[in-house]
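Here's the structure we're looking at; comments come further down.
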Amino acid sequence: MKETYSGFITDNKNCSGFEFNTDANRIFDFLNQDELIIKMAEYADQGKPALAGCVLELEQFYEEMDNPTIDFSDGFTRTVVGRMIKSILKPFGYQVEKQKDFPKNRKGKYFVSASCYKLDTSEATMRIVKKIEEIET
């Protein structure tokens, strides 16, 4: 099963200050979309920071929020976002390996580096499946 926001808070006690923050919950739900999980996994599989796969989309989502109660210019808040990604990718078997700068074409306004992940399917409870199907007309 995919990670939930409440599960993320339970597993990350140092993020408990965000437990009832609806904007933090919205950020988590945004990152937890299948399409973005796939992008993050693809970047991780290339040895790049997972967040680089969707950083520009995330920052656009954030900047379109009306009076956000979460602040991406704050270092701890950016760390919380990184922990969200760690929790989101964990069921797929991805584990933090190291911190790395984003590729030049993926640097954001707020995020310029993030964790890289290695895949260990022995711990995975979910998997990403890509397939080609014929379109029926």
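The values are calculated or read from the model by the stated rules, or taken from the named source; none is laboratory data. None of these values were measured; they are calculated from a predicted model. Cβ: placed from backbone, ideal geometry, glycine included. Neighbour counts: every protein chain shown. Keep in mind that these areas ignore ligands, DNA and RNA; they rest on the heavy atoms of the full protein, side chains included. Shrake-Rupley method; radii C 1.70, N 1.55, O 1.52, S 1.80 Å.
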Verdict on R127 being open to solvent by 40 Å² or more (accessible area, probe 1.4 Å) and among the basic types (K, R) = yes
Enumerate the pairs (first residue in region 1-26 and in contact (Cβ under 8 Å) with a residue 60 or more places away in the chain and under 15 Å from P68 (Cβ atoms); second residue anywhere and open to solvent by less than 80 Å² (accessible area, probe 1.4 Å) and small (G, A, S)) with beta-carbon separation below 7 Å, excluding pairs fewer than 6 apart on the same chain, so at least 6 apart or on different chains.
-> F18/A24
Do any helices (runs of 4 or more DSSP H) lying entirely in region 1-117 carry at least 1 residues that are of a type in the set (G, A, S), more than 25 Å from K130 (Cβ to Cβ) and open to solvent by 30 Å² or more (accessible area, probe 1.4 Å), and which ones are they?
-> 5-11, 75-89
